[in-house]
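Take a look at the structure below.
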Amino acid sequence: MSVFLLMLALLAPPQAPAPAPATAPRGDVGNGKVLYTKIGCYQCHGREAQGATATGPRLNQNPITYTRFVAYIRKPTGEMPPYTAKVVTDQQAADIFAFLQSLPKPPAVDSIPLLR
């Protein structure tokens, strides 16, 4: 239930949007992968951002805009700690966002024979 609420909050417009650049800085996928691991995102969201019911939502299934991504990491809801600009710069956030966007999307449920 809490994962569902977290996903709903992630997809809902933020109450007080945090300031973010109008356009996303160009992100570096390789550095984003390093930061994703170094900062510890994988501990809740998994090494491939696949998520888990008990720890954190999947991050590569429903893409969000860079602005919404930054707003959420700056002022998250639920269990996630905030990552202020002093902890994760806008460029680092852009790198992590680029890494998440580079991950392959999961297959459609209909394409998995065991789930039909």
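Values in this text are rule-based calculations from the coordinates and carry no lab data. This one's a predicted model, so the numbers in the text were calculated from it and none came from an experiment. For neighbour counting, all protein chains shown are included, and Cβ atoms are generated from backbone atoms with ideal geometry for every residue, glycine included.
For region 44-110, the calculated P(r) over all alpha carbon pairs, in 10 Å bins from 0 to the bin holding the longest distance, is 19, 53, 25, 3, 0 percent.
If you take all other residues with their beta carbon under 12 Å from the beta carbon of R26, and give Lys and Arg +1 and Asp and Glu -1, the sum is -3.
Footprinting exposure proxy ranking of V87, V29, fewest other C-beta atoms within 10 angstrom first, gives V87, V29.
The dipole here belongs to region 19-116: it is taken about the Cα centre, uses +1 on the Cβ of Lys and Arg and -1 on the Cβ of Asp and Glu, and is about 60 debye. Applying both filters, DSSP loop and at most 11 other Cβ atoms within 10 Å, to the trypsin sites (Lys or Arg not before Pro) of region 26-113 gives R26, R47, K86.
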